[in-house]
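Trainee: What follows is a single structure, and I will ask about it in a moment.
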Amino acid sequence: MKPFASDAFFLGPKSENAAWVRAEFQAILDHWFDWRRSLFMDDPSPLSPERRLSVDFLKEREQLAQQLRSLREMLCSEVPKYTPRYNGHMVSELSLPALFGHFATLLHNPNNTSKEAARVGAQMEVEAIAMLAEMVGFDPGQAQGHFTGGGTIANFEAVWRARYRLDHLLALALYKAENGGDRFDAFETAHMGWDAYNRESDGLDVDAMRACSGVLGNPFEYAERMTAATGRPWRGPVLLTPGNKHFSWKKATNVFGMGEEAFWTSPLDNQGRLDPDGLQDQIDRAREAGRPVLAVVSVAGTTEAGEIDSVDRVHSLLEKERSGGIDIWHHVDAAYGGFFCTMLGGESETALSPGSRAALRAIRTADSVTLDPHKLGYVPYACGAFLTRDTQAYVSSSFQALYIDRAISNDKWACTLEGSRSAAGAAATWLTGKTMGYGPERFGQMLAGTIEIRAKIQSVLETEIDGVNCIPADTNILCFHLAVAGEALSAANARTKSVFAKFQQDPNFSISQTILTDESYPALIESHVAKYNGVKDCDQLVLLRCVFMNPFWSNDAVRAALIPEFVASLRNHLN
Ligand SMILES: *Cc1c(COP(=O)(O)O)cnc(C)c1O
């Protein structure tokens, strides 16, 4: 496979493209200056030439220049994340379309909370969300969404909406039970879906139903009423996430007042991916406990190892439940891996396993999706995105459908967790879509190149350095452990940790460390240790982690110079 030459879309590690990039930045500034001059031309200027040459003015200017110089100097010590030597976390060189889009929009400072403060920004957001929707396979005419401060907030948006739906269904049942109806089963009821809600709530008094909302009412009183109406102690819903989940899910149960107890993790298989059978067991457990499932989460691109859960198998399982009348919200946390969907349909999709491809193709079946353009979108911080498959799933407020119209046709403030929101991320994502596109020709091929370099470096390390043991990798993240055949896991962990400590002191390469535990990864750890006939004497697996995102790893000269140097560094730190 010939890697896509993304050379015109990045500045280059040595600022090779500086000359024309400078001209583009200059053009953005000139345009901004001219735009201001062109409006309200007859207004008086408050800054006369005399004023701008006065002593106190020049003094202020000099002070600003001086402090700006020291800011620039301080930034020299910032982590150099643009170079292929940086493989630490989920960030790398920013793309030029993203930088230009972000910077040009920043100067106009649109606030996408309202079209009154963002005429162009709001429109750009609509278009950029449609591009991302198409990328994950949603019908862009149906899908809804908005940009967020990051993946964490996007995940919270999903919990908020899943809770909104669940609250409506339970309020309806509670209303009926308290008005002469029968006791109800909270699990069955909470998963009836919007169609059933619309059918059964038709003609009922909305205010009376509002008085049965657990989101609006006093939670303690609500629990007593639910206990009476269901005939069993009300314990609230649970959130089902796989053990490989991001920490944001636990935060969500905390913030939404569910109690962290309501955060149930489904087991992982020995590859570190969600085990659908284990998920089914958790759903059945919730059913038996009479506790609704707020949402089932699957992860496309885990934070630890970039692995892709079988979204397709989770979907099949949930379809089976749905055919039995149990409609469970499915959210795909594709904060990291969603952009791998750009590879689908192109020649380069073979860089992904058939299982990963099937999983990515199934994202389109989810109710909602989290994406992080500030990770594999090569967009500046802070830029996450939350998408729903359709309008119905996007609706949220405290209760009732008053906000539906607003959600679709008007300002976003009522249906976003955040208030003021910059349009810069939307613009960065938009310009990237207009140039690189979110399809297999450019973007997908670039990401295929990052998976290929991960595979390449993995094979070099495994061949050249004794004791390198990698865990399964689906994408461009490589996690490995340094072990001697037959030794105790704790000894290998200690060695791996000490090598990481040496990398932290080594300015030449940045990598990270991650620790998997038996709590989430028992099967993976056991099979990993078995691979080198180790003795499993502790509950942790310490791994070195490299995130190969940098597009210039595709370059032959870069590879020829840096791969041997990286191998030498690792060998050196091992001794
Ligand atoms: C990074 C990440 C998040 C959180 O995103 P932030 O942008 O850091 O808030 C959530 N889920 C997964 C899988 C992630 O990789």
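The values are calculated or read from the model by the stated rules, or taken from the named source; none is laboratory data. What you see is a predicted model, and the numbers here were worked out from it, not measured in a lab. Don't worry about glycine lacking a Cβ; one is built from the backbone with ideal geometry, like all the others, and counts go over all protein chains shown. When the accessible area is computed, the model is the full protein with side chains, heavy atoms only, and any ligands, DNA or RNA have been set aside. Shrake-Rupley method; radii C 1.70, N 1.55, O 1.52, S 1.80 Å.
Trainee: Between the alpha-carbon centers of the range 521-548 and the range 169-191, tell me the distance in whole angstrom.
Mentor: Here the answer is 47 Å between Cα centres.
Trainee: Within the range 1-62, which trypsin sites (Lys or Arg not before Pro) sit in a loop by DSSP and count at most 10 neighbouring Cβ atoms inside 10 Å?
Mentor: Filter output for the range 1-62: Lys14.
Trainee: Over 5 Å intervals from 0, what percent of Cα-Cα pairs in the range 151-371 sits in each interval?
Mentor: The calculated distribution, bin by bin, is 1, 7, 15, 19, 18, 15, 10, 7, 4, 2, 1, 0, 0.
Trainee: Which order do peptides 180-187, 527-534, 169-176, 369-376 fall in by mean Cβ count within 10 Å, highest first?
Mentor: Output ranking for 180-187, 527-534, 169-176, 369-376: 369-376, 169-176, 527-534, 180-187.
Trainee: If you don't mind, another one. Based on the alpha-carbon gyration tensor of the range 332-377 and its eigenvalue square roots a ≥ b ≥ c, which shape applies: rounded if a/c is under 1.5, prolate if not and a/b is larger than b/c, or oblate?
Mentor: Judged from the Cα gyration tensor, the range 332-377 comes out oblate (a/c at least 1.5, b/c at or above a/b).
Trainee: OK, next. Given contacts defined as C-alpha pairs under 8 Å and at least six residues apart, what's the relative contact order of the range 151-371, whole-number percent? Intermediate values should be presented prior to the final figure.
Mentor: Numbers: 360 pairs, mean separation 45.9, N = 221.
Here the relative contact order equals 21 percent.
Trainee: Give the Rg (one decimal place) followed by the Dmax (whole number) of the range 495-545, computed from C-alpha coordinates and expressed in Å.
Mentor: 12.6, 35
Trainee: Then there is this: Through the Karplus equation 6.51 cos²θ - 1.76 cosθ + 1.60, θ set to phi - 60°, convert the phi angles of the range 302-312 into ³J(HN,Hα) values in whole Hz; use x for Gly and Pro.
Mentor: 6, 5, 5, 10, x, 7, 10, 5, 6, 4, 5
Trainee: By per-residue mean of other Cβ atoms within 10 Å, what is the highest-first order of 116-123, 70-77?
Mentor: 116-123, 70-77
Trainee: Report the calculated FRET efficiency for Gln123 and Ala557 (r = Cβ-Cβ distance, R0 = 41 Å), to the nearest 0.05.
Mentor: 0.45
Trainee: Could you pull out every one of the lysines with an alpha carbon less than 28 Å from that of Lys456, ignoring same-chain neighbours closer than 8 positions?
Mentor: Within the straight-line limit of under 28 Å, Lys456 reaches these lysines: Lys2, Lys14, Lys81, Lys245, Lys375, Lys497, Lys502, Lys531.
Trainee: Return the Cα extents of the range 59-213 along principal axes one, two and three, sorted largest first, each rounded to a whole Å.
Mentor: So the extents along the principal axes, rounded to whole Å, are 77, 40, 30.
Trainee: Could you state the number of Å between the C-alpha centres of the range 52-104 and the range 448-499?
Mentor: Going from one Cα centre to the other spans 36 Å.
Trainee: Grab the DSSP H runs of the chain that are 4 residues or longer, score each as -39,500 (n - 2.57), total them, divide by all residues and round the 222 nm result to the nearest 500 deg cm²/dmol.
Mentor: Rounded to the nearest 500, the figure is -14500 deg cm²/dmol.
Trainee: Give me the percent of Cα-Cα pairs in the range 464-557 that sit more than 19 Å apart, rounded to a whole number.
Mentor: Considering the range 464-557, 42 percent of its Cα-Cα pairs are separated by more than 19 Å.
Trainee: Suppose we take every Cα in the range 29-82 and form the convex hull; what volume per residue is that in Å³?
Mentor: Output value, Cα hull per residue: 112 Å³.
Trainee: What span do the alpha-carbon atoms of the chain cover on each of the three principal axes, reported in whole Å from largest to smallest?
Mentor: Cα extents, longest axis first: 82, 78, 45 Å.
Trainee: Amide H to amide H, which residues 5 or more places from Thr148 or on other chains are under 5 Å from it, using H placed in the peptide plane?
Mentor: Result for Thr148 returns Gly384, Ala385, Phe386.
Trainee: Taking only protein heavy atoms and a 1.4 Å probe, what accessible area per residue, in Å², does the chain have with all protein chains in place?
Mentor: Each residue of the chain exposes 44 Å² on average to a 1.4 Å probe.
Trainee: At 4 °C and 1.567 mPa s, what whole-number value in µm²/s does Stokes-Einstein give for the translational diffusion of the range 262-387, with Rh from the Kirkwood sum over Cα pairs?
Mentor: On the way: Rh = 15.2 Å.
After rounding, the answer is 85 µm²/s.
Trainee: Once you keep just the Cα pairs under 8 angstrom separated by 6 or more residues, what percentage relative contact order results for the chain?
Mentor: Details: 1047 pairs, mean separation 118.0, N = 575.
Here the relative contact order equals 21 percent.
Trainee: What is the packing order of peptides 383-392, 131-140, 494-503, 26-35, taking the mean over residues of other C-beta atoms within 10 Å and listing the highest first?
Mentor: Ranked by mean Cβ neighbours within 10 Å, highest first: 383-392, 131-140, 494-503, 26-35.
Trainee: Then there is this: Which percentage, to the nearest 5, of the DSSP beta bridges contained in the range 151-371 is antiparallel?
Mentor: Values: 2 of 17 bridges.
Counting DSSP beta bridges with both partners in the range 151-371, the antiparallel share is about 10 percent.
Trainee: May I ask for the percentage of alpha-carbon pairs in the range 404-534 that lie more than 17 Å from each other?
Mentor: 73 percent
Trainee: Return the lysines within reach of Lys59: Cα separation strictly under 17 angstrom, same-chain partners fewer than 8 residues apart disregarded; answer none if there are no such residues.
Mentor: none
Trainee: Additional query: Quick one: pull the percent of accessible area on the chain belonging to carbon and sulfur, 1.4 Å probe, ligands and nucleic acids left out.
Mentor: 52 percent
Trainee: Sticking with this one: Counting other Cβ atoms within 10 Å of each Cβ, which GluC sites (Glu not before Pro) in the range 484-575 have at most 12 and sit in a DSSP loop?
Mentor: Sparse-neighbourhood loop GluC sites (Glu not before Pro): Glu519.
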